[in-house]
Amino acid sequence: MLMRAAVLTDFHSPMELREVEIDDPGAGEVRVRIKASGVCGSDLKAIDGKSPVVSRLPFILGHESAGVVESVGAGVTTVGPGDHVIISMSGPCGRCRQCGEGRFHLCSGPARLPAIMGGLPRISLDGEELRRFIGIGSFAEYAVVSEPMCVKIDESAPFDAMCLLACGVITGVGAVMNVAQVPPGATVLVVGCGGVGLNVIQGAVLAGATTIIAADVAEQKLKLAERFGATHTLLASDLPGQVADVVRGGADYAFDATGVPGVLAQAFASTQPGGTTVMVGSPPRGRPMELDTSLLFSSRRLMGTQGGDAAPHRDLPMLAAQYARGRLDLNGLISERLPLDQINEAVAHVREGTVARTVITF
């Protein structure tokens with residue numbers, strides 16, 4: 001079947017809108033008609049040649065998506081044609097040791113790595129295989145994904161809001177709820193108030209944190225942070241000193257959503273003894289980080305996360321329910337909605353840092 005897709009053929013270059021061939025779903029696979037796809041910072045890293053999972057072009061980017069099941073392959077039982085679904089970033093096998101221990105985000109099943117690196121060859125351009133970001137490739141009219149990656153949602157839920165749950169929201173909220181497990185009454189620092197950082201703030205609100213400090217170098221992002229629940233904002237310069245002026249001794253929990261090693265070190269130094277710091281943003285591969293190791297003697301913890309350590313079929317429906325109840329603001333995250341024809345304009349807006357989230361709608 002032919003479809004339109006935005007194809008990255010050269011690093012540091014605009015994507016090209018091309019007509020490509022997409023296969024029917026194979027055994028255990030689902031073909032989804034994409035209805036909405038968010039533009040994420042990870043897509044920009046791929047365009048810049050800095051993604052560890054995008055090395056060989058051409059490639060179809062996009063992974064934060066939702067749509068309608070168009071057809072299913074043999075053996076698929078959990079979804080059928082017409083179902084509305086979020087496409088999760090991972091499809092845990094449910095059988096490996098990690099899944100058996102409930103750590104679905106660390107699934108080591110045999111299909112996991114091939115999916116991360118681009119998935120099975122289901123799409124082609126002029127007879128040449130096209131790989132897909134995290135096995136999805138949602139900057140296209142259709143995607144073929146494995147059955148466990150499809151999470152059913154209510155048909156009344158808007159696709160442009162639901163697609164955001166797949167990456168930016170679950171990564172931010174999951175860092176608070178699944179990784180740090182922030183308790184009610186805690187003090188929280190969030191560094192970096194882009195699409196993911198705003199959802200860390202929302203997660204802190206859901207967890208019952210009483211003091212939520214948002215820090216960024218852009219004043220306009222701090223205004224957004226207040227809208228999503230920050231009680232204090234800092235135009236970041238000397239984080240440990242600034243945080244200590246708000247919370248004596250430092251924050252209980254700090255989250256770095258920037259992916260900048262030096263910023264992570266500052267966030268770590270901004271916690272009180274016994275505090276926890278979570279690296280949420282993705283740092284450049286192979287970059288070292290310097291820490292004042294004396295801070296570790298005060299029982300401080302430094303943690304990482306992969307997509308909010310999510311269990312997709314548990315967490316995504318929960319977040320959709322929070323949105324339906326008015327406890328999670330997804331509409332406020334959407335700065336603009338653009339058609340696939342304007343994908344390169346969307347990327348430019350995200351790169352400029354003038355939007356919280358841009359959503360491509362079909």
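The values are calculated or read from the model by the stated rules, or taken from the named source; none is laboratory data. Note that the coordinates shown come from a computational prediction; the quantities given were computed from them, not determined experimentally. Cβ placement follows ideal geometry from the backbone for every residue including glycine, while neighbour counts extend to all protein chains displayed. In case anyone asks, the SASA skips ligands and DNA or RNA and just uses the protein heavy atoms, side chains included. Shrake-Rupley method; radii C 1.70, N 1.55, O 1.52, S 1.80 Å.
Straight-line reach from Lys152: which lysines fall under 17 Å, measuring Cα to Cα and dropping same-chain residues less than 8 apart?
Result set, ordered by chain and number: Lys35.
Taking every alpha carbon pair in region 128-207, what does the distance histogram look like in 5 angstrom bins from 0, in percent?
Percent of Cα pairs in each bin: 3, 12, 19, 19, 17, 13, 10, 5, 2, 1, 0, 0.
Determine the calculated [θ] at 222 nm for the chain from helices alone, applying -39500 (n - 2.57) to every DSSP H run no shorter than 4 residues and normalising by the residue count; nearest 500 deg cm²/dmol.
-6500 deg cm²/dmol
Counting DSSP beta bridges with both partners in the chain, what percentage is antiparallel, nearest 5?
60
Can you tell me how much longer the chain between Leu57 and Met303 gets when fully stretched, taken as 0.36 nm per residue apart minus their C-alpha distance, in nm with one decimal?
85.3 nm
Over the chain, what is the relative contact order in whole percent, taking alpha-carbon pairs under 8 Å and six or more residues apart?
Across the chain, relative contact order equals 17 percent.
Under 19 Å from the 7 Å Cα→Cβ point of Ser294, by amide nitrogen: which residues of region 236-268?
239-242, 244, 249-251, 265-268
Within region 24-58, list the residues whose amide N lies under 13 Å from a label point set 7 Å along Cα→Cβ of Val68.
32-36
Could you pull out the longest piece of the chain with no exposed loop trypsin sites (Lys or Arg not before Pro) in it, calling a site exposed if DSSP puts it outside H, G, I, E, B and it has at most 12 other Cβ atoms within 10 Å?
96-247
Taking the chain as the region of interest, what is the percent of Cα-Cα pairs per 20 angstrom bin, listed from the shortest bin to the one with the maximum distance?
Percent of Cα pairs in each bin: 31, 57, 11, 0.
Rolling a 1.4 angstrom probe over the protein heavy atoms, how many square angstrom per residue are accessible across the chain?
For the chain, the per-residue accessible area is 41 Å².
Given contacts defined as C-alpha pairs under 8 Å and at least six residues apart, what's the relative contact order of region 9-108, whole-number percent?
Computed over region 9-108, the figure is 27 percent.
Relative to the Cα centre, what is the charge dipole magnitude of region 1-154, using +1 at the beta carbon of each Lys and Arg, -1 at the beta carbon of each Asp and Glu, and rounding to the nearest 20 debye?
For this selection, approximately 580 debye.
Between Glu219 and Asp341, what length comes free when the chain is fully extended (0.36 nm per residue of separation minus the Cα-Cα distance, one decimal in nm)?
Stretched out fully, the Glu219 to Asp341 stretch lengthens by 40.8 nm.
Run the numbers for Thr354 and Glu128: contour at 0.36 nm per residue of separation, minus the present Cα-Cα distance, in nm.
Additional length available on full extension: 77.7 nm.
Defining a contact as two alpha carbons under 8 Å apart and six or more residues distant in sequence, what relative contact order in percent does region 247-362 show?
Rounded, it is 18 percent for region 247-362.
Quickly work out the Lys50-to-Leu235 label distance, labels modelled 7 Å from Cα along the C-beta direction, and quote it in nm with one decimal.
Rounded to a tenth, the inter-label distance reads 2.5 nm.
Pop a pseudo-label 7 angstrom from the Cα along the beta-carbon direction at both Arg33 and Asp154 and give the gap in nm to one decimal.
Simple spin-label model gives 2.3 nm for this pair.
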